[in-house]
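*Asks:* Got a structure for you, written out below as structure tokens; questions coming shortly.
The values are calculated or read from the model by the stated rules, or taken from the named source; none is laboratory data. For clarity, every value in this text was computed on a predicted model and none was experimentally measured. Note: ideal-geometry Cβ built from the backbone for every residue, glycine included; neighbour counts use all protein chains shown. Heads up: the accessible areas ignore ligands, DNA and RNA and are worked out on the full protein's heavy atoms, side chains in. Shrake-Rupley method; radii C 1.70, N 1.55, O 1.52, S 1.80 Å.
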Amino acid sequence: MKKKPLKENTRKILLVIQHALIVAAAVSILVVLTGSSVMLTGVDENYSYSMDAGEKEKSYEDSLLFNHIFGRGVADVARMVAVRSQMETDGRFDGRKIIDVATFYYRYGDLPDKYVTAKYYLEDLIKWGQYGPEYEDRWFTGEQADEFLNRTSTYTRINYSSGNLPGGILTPFNAQLDEYTEEYSVSANGLENGEFHRDDTNASVLLNRYQTVDGKNIEEYTGTWEDYKELCQYVQETAAILAGNYQEYLKYKEFYDIDHSNLRFYIIKDVGDRREIYTNLASRTLSEEEADRQFKSYGKYLYFSPEDMKYDSNTLLEEKTVRHVFNSFEYAYPETMKVWIGVDTSYAADDVYIQGMQGYESYMPYYWQLIGFAFACVCAWLLLLVYLTAMEGRCIDEEGNLSVCLKGIDHIPTECMVGAAILLVGGIIVAFTYIYDSMAHEFYYETWFVIAAGGVVLICELLFTGFYYSLVRRLKADNLWKESLVFKAAVNGRAVAWKIYDNGDVIAKSWLPYAVFLIVNFLFTLLGWKGILIAAVLDLAFGVLIYRNTKDRQRIVEGIEKIKEGDFKHKVDENHLHGDNLALARAVNNIGEGIRVAVETSMKDERLKADLITNVSHDIKTPLTSIINYVDLIKRENIESEKIKGYVEVLDTKSQRLKQLTDDLVEASKISSGNISLQWERINLVELVNQTIGEFSEKFEQKKLAPVIRYAKDSMYIEADSRRIWRVVENLFNNIVKYAMEGTRVYIDMADLSDEDGKKYVEFSLKNISAQPLNINADELTERFIRGDVARSTEGSGLGLSIAKNLTEAQNGTFQIILDGDLFKVVLTFLLLV
């Protein structure tokens, strides 16, 4: 019988059934999990409890689940009170509590016959533990060691002759041990005459972040390095443990706060003549009878008194279990303790007991039927998977023959498909597992949580089947290997080989000689010392060849550097060059020639532009001079009309401004094209500035500007062109007159400076307040036709500062403008002549 392909609609229906089966199996298993296990919140982490089939027959308070939660609560209370006894005094955190570090260190065992110790405040040890210990390696001479350590070690021992040692004396906060212990000192070297001599040594010293209650450091209690290291260990261990216990203290206190938990506890500890009470109840003054009545009224309780050998409880917890829990913290619980722990079954707080009740009520006793249903769904899913695998990809081609048809996804590289499948499906599973672990305790019994889990399973199923059936089609079409990246790389190997062959010059000139060099050296070394000698001579010749080639390459690099520095006429000598070096030298020479031609063309264009500006300016100046002269003649006439006088004044002002603009334009053009010649002279800059101030004094008075002059010296000489430097200073003063705010001061400073190389400079600066807001970048003010007066309400061409900057730099000076709000400052720097 001829095999027929599966119809597309039938295939889709079977795929939907397959997806539905796996989702149904997953949801059934999750329902079983949520119905037979309870997610509970602990102090440190969440945990689950699996219920037995017959457990639902009892009430919640009599169930194993409740007693399991209660048992964990008892263990938590034992741990919490042990920690609280370290942290509290009379039910409150006591940072000034005194801790004996040695007794804390030996809290789980017996104290040595003698020990060195120190007492610290609790809060200091906690903070020290949070910061962590810091050690410093130091070298000590004998004298330095004598100064660092004490001359005696102070030891502590229990005084058994005191006659009234209490039971459970070894508590870790035993400043209370003072009445049962005695201190004594022992000489550091055992000598009675006080003569000391310590050897030089390298020691690791603990930095004293905090001092003891006596205001001392660790080394002041010890006379030997052994005692010092021992006491440092006590302090470090105690601080670290107390810092961790403090974090537990905060967590336990919040978790079992009466507003957050239905668990109640009241613990009395008698140590000597002292009574300590630990509870989360509002009252700390209950008598034993009142405590007994109150805890019995809660619903579930236990009472434990080791001294009276009494144990009373209406829970399933046995006495030996409770005794074992408290014995785990024997150092904190004397036999004289009395313990009441109960659960308020009115459940006023939303806590772990409420979670247990919800799980208990949602328990599903018939979960085996659901497990069977899930198993059946999985089996049906596997049968469909096998059937669809056999039928996948079958189709009828154009000639009516049975064939394998591929889809678009089947042309994605095989490695990418497999990697994507692993990443996507694995990533979804990992993400869901993380969400389940972190949030399941909040939504474990919510219906939408089960639905969401089913949706995640459906997404994973769709991705899995999509990738799986694609691989099946590839296998049937013999396309799995052909669509892989490895196969494509192998097929394209021929093209790569041809490419290597096309670049054979590079291979032949680099790797091939190197391979031959290695092979020849290897063969000669096989001949013994004679072969090694011959190989050494050949290596030397090869080294000389490399040196000559490197030297030729260096010559080319030097030529490139000269061209980079502006010597475009430089040519690399091509004699005695070969191969790539010759080709590179010719290329560098051609590049240099091309740059030279381009620069000459650019300079020519610049000169033409300058000539054009000069000619146009000259053509303008001829009629402009006539206009100025005739305006001057008109002004000399006896003009009676005030209106005509006004017109003449406007003509005179504008013609003078046009003349200045023409001169500035010509000057700027010459500077930018480099078409200026400088006559270097020794110039007294102080004298030049003073002359300029004198010439501008009338203009300063008109604008009510007050010059404030400060010179470091009476004379400072620079090398500059007198006419050009005068133009720079004149432009700067004109700029002040035009744009400075009336009635302000103008600061004129001149100082001499020195740099790191010992060179001396003159720094000339001008400062004034602008009349208009300076909403502009300082660098833009030195560009052509840029003015600080954006509204252009004042006269000016926008060329003054640009000309001043260019002339300053042409005379080997620096020009800097600094703007700070409306403060305008210009700084000129020149080399100071001695």
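*Asks:* In a solvent-free Debye calculation with one equal scatterer on each Cα, what is log10 I(q)/I(0) for region 351-421 at q = 0.28 Å⁻¹, listed in the order of the q values?
*Replies:* One equal scatterer on each Cα of region 351-421 leads to -1.12.
*Asks:* Any idea what the alpha-carbon Rg over 2.2 N^0.38 Å comes to for region 674-763?
*Replies:* Numbers: Rg = 14.8 Å, N = 90, 2.2 N^0.38 = 12.2 Å.
Dividing the Cα radius of gyration by 2.2 N^0.38 Å gives 1.22.
*Asks:* Need the C-alpha centroid separation for region 277-333 versus region 336-396, integer Å.
*Replies:* So the separation of the two Cα centres works out to 36 Å.
*Asks:* Now for a separate question. Calculate, for region 10-159, the solvent-accessible area per residue in square angstrom, rolling a 1.4 angstrom probe over the heavy atoms of the protein chains.
*Replies:* Details: 6680 Å² over 150 residues.
With all protein chains present, region 10-159 gives 45 Å² per residue.
*Asks:* Give the shape of region 259-369 as rounded, prolate or oblate, defined through the alpha-carbon gyration tensor: a ≥ b ≥ c are the square roots of its eigenvalues, a/c under 1.5 means rounded, and otherwise the shape is prolate if a/b is larger than b/c and oblate if not. Please list the in-between numbers first.
*Replies:* Details: a/c = 2.52, a/b = 1.76, b/c = 1.43.
Cα axes put region 259-369 in the prolate bin.
*Asks:* May I ask you to order 563-569, 748-754, 24-30, 528-534 by the average number of other C-beta atoms within 10 Å around their residues, highest value first?
*Replies:* Details: 563-569: 13.1, 748-754: 15.0, 24-30: 20.4, 528-534: 11.6.
Going by the mean number of other Cβ atoms within 10 Å, highest first, we get 24-30, 748-754, 563-569, 528-534.
*Asks:* Take the residue pairs 114/251; 114/253; 562/825; 604/825; 760/805 and return only those whose Cα atoms are more than 30 Å apart.
*Replies:* Numbers: 114/251 37 Å; 114/253 37 Å; 562/825 39 Å; 604/825 37 Å; 760/805 21 Å.
Cα-Cα > 30 Å for 114/251; 114/253; 562/825; 604/825; rest within.
*Asks:* Between residue 280 and residues 5 or more places away or on another chain, which pairs have amide H atoms under 5 Å apart, with H built 1.01 Å from N, and which residues are they?
*Replies:* Those lying under 5 Å, H to H, from residue 280 are 265.
*Asks:* Another question, then. Taking the solvent-accessible surface of protein heavy atoms with a 1.4 Å probe, what is the per residue accessible area of region 541-582 in Å²? Please report the intermediate quantities before stating the final value.
*Replies:* Details: 3200 Å² over 42 residues.
Using a 1.4 Å probe on heavy atoms only, each residue of region 541-582 averages 76 Å².
*Asks:* Continuing with the same structure: Taking Cα centroids, how far is region 695-760 from region 810-832 in Å?
*Replies:* For region 695-760 versus region 810-832, the Cα centre distance is 11 Å.
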